[in-house]
Amino acid sequence: MAVTANEVAASQPQPQQTQQQQHAFKSEREVIDYYTTLRQEVNLAQAKIAELTGSLREHLNVLENIKHLDPSRRCFRSVGGVLVERTVKEVMPAVEMNATNLQKAIDAIKEQTAVKDAEVEALRRKYKIREEGSDDGSSSGAGAGAGGSG
């Protein structure tokens, strides 16, 4: 599977100014909705990291297994869902490049996830948000500690 620079860029969320930085929340509901959205984005990013890590592991496994083979030996590679015949010498650089691109994508997504995770934690502390089943013993669901209805 070839990983292109476009695919790596497309898999990375684009930097954007957060709602929290743009303006103050007008209601408790806005805080909860924004918090929930951020949590979902973090969870999706973590799932993407897991997927890309599995793919990277496969690429590294292939590299490990073909590095001692005769460079003229024939091998098969899936390119865009099509099985193509190549030589080890032709395949190794492409697989190495894909592994490098995968690692770069993983690192970039981890970095962006850390920023969003920090924002989630900041919201949780600032608005005293508790999640259902969290360690604080709360079972009332996500809600802001500031009284009033939204």
- request: Consider GLU132 carefully, then state whether it is in a loop (DSSP other than H, G, I, E, B), open to solvent by 100 Å² or more (accessible area, probe 1.4 Å), among the acidic types (Asp, Glu) and without any contact (Cβ under 8 Å) to a residue 24 or more places away in the chain.
  value: yes
- request: Test ASN43 against the stated conditions and say whether it is of a type outside the set (Val, Ile, Thr) and under 20 Å from GLN112 (Cα atoms).
  value: yes
- prompt: Would you say ASN6 is at pLDDT 95 or above and loosely packed, with under 13 Cβ neighbours inside 10 Å?
  reply: no
Hey, ARG57 at pLDDT 95 or above, basic (Lys, Arg) and open to solvent by 40 Å² or more (accessible area, probe 1.4 Å) or not: yes
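The values are calculated or read from the model by the stated rules, or taken from the named source; none is laboratory data. Bear in mind that the values here come from a model prediction, so they are computed numbers and not experimental data. Glycine gets a Cβ as well: all are built from the backbone with ideal geometry, and neighbour counts include every protein chain shown. When the accessible area is computed, the model is the full protein with side chains, heavy atoms only, and any ligands, DNA or RNA have been set aside. Shrake-Rupley method; radii C 1.70, N 1.55, O 1.52, S 1.80 Å.
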